[in-house]
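Right, one structure below, let's go through it.
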Amino acid sequence: AMDAAESRSAVSSQGAGCGKGLVPQVALAGCDLVLEGNSIAGHLRGACKVALMACTLGAVSEREMRKHEAISVADGVMFGACCSALVEAAANITEDAIVRFANDMGLSTNWRFSPGYGDLPLNVQPAFLGVLDASRRLGITVTSTNMLVPVKSVTAVLGLFDEPDNGGEARDACAVCRLRDGCELRKRGITCHGR
């Protein structure tokens, strides 16, 4: 599932610089979704539209994972890793479709930004899924701890911009990650976001 919405007055950072404890908020026009945090406000700064996306391997992957875990720990780990790679590939394909959609409108995009990146909290997941109607359309639900079910699911937002480039560094997902300095993946020269 994917959806495009206009960002309200480009990106409205409510509370930025207004004292301690206030967190910037990006309110999306046409829906009730509000994305909170400095990271997402920076990621969407200057966006004229945003695209929301959700991908999942579905309930079958959950059943198969439990089956493989019951066979052996090694089977479960291998099957889980394969499922992670597959849902990441689906997310990349969806992101590429959004990029083509934006290009057809004469817009550029930045990379996908998921709840849990930077300081965008996971507790936005229920509202995010609600806007996409992802429970009905894709069978994705969220637990009381804001984890997606099926586990092999991805939600993300991309900014769409009138300018051809959104400022280089803003395109680097690692730039806003709280785990950047100690990241084992970066030490090996790879990233978790596949770009």
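The values are calculated or read from the model by the stated rules, or taken from the named source; none is laboratory data. Fair warning: this is a prediction, and the values are worked out from it, not measured in the lab. No Cβ is skipped: glycine too gets one built from the backbone with ideal geometry, and neighbour counts run over all protein chains shown.
Being surrounded by 14 or more Cβ atoms within 10 Å (Cβ to Cβ), at pLDDT below 95 and of a type in the set (A, V, I, L, M, F, W, C) is a description that applies to residue 176.
Among all residues of segment 68-84, there is none that is surrounded by 16 or more Cβ atoms within 10 Å (Cβ to Cβ), within 17 Å of the chain's Cα centre (by Cα) and either modelled with pLDDT of 95 or more or more than 23 Å from residue 160 (Cβ to Cβ) (or both). Scan segment 17-67 for residues that are among the β-branched types (Val, Ile, Thr), surrounded by 13 or more Cβ atoms within 10 Å (Cβ to Cβ), within 29 Å of residue 89 (Cβ to Cβ) and out of contact with any Ser or Thr (no Cβ under 8 Å at 6 or more places or on another chain) and the total you get is 1.
Taking segment 92-112 as the range and being in contact (Cβ under 8 Å) with a residue 60 or more places away in the chain and out of contact with any Gly (no Cβ under 8 Å at 6 or more places or on another chain) as the test, the residues that pass are 94, 95, 97, 98, 101, 111, 112. Within segment 138-151, residues that are surrounded by 13 or more Cβ atoms within 10 Å (Cβ to Cβ) and in a loop (DSSP other than H, G, I, E, B) have Cβ atoms under 6 Å from residues that are modelled with pLDDT under 95 and polar (S, T, N, Q) in these pairs: 150/61, counting only partners at least 6 apart in sequence or on another chain.
Within segment 77-126, being part of a loop (DSSP other than H, G, I, E, B) and in contact with a helix residue (DSSP H, G or I) (Cβ under 6 Å, 6 or more places away or on another chain) holds for 110, 111, 112, 115, 116, 118, 119, 120. Contact annotation: residue pairs with Cβ atoms under 6 Å, 6 or more positions apart or on different chains, pairing a residue in segment 51-78 that is under 19 Å from residue 125 (Cα atoms) with a partner that is of a type in the set (D, E, K, R) and crowded, with 16+ Cβ neighbours inside 10 Å, are 52/3; 57/152.
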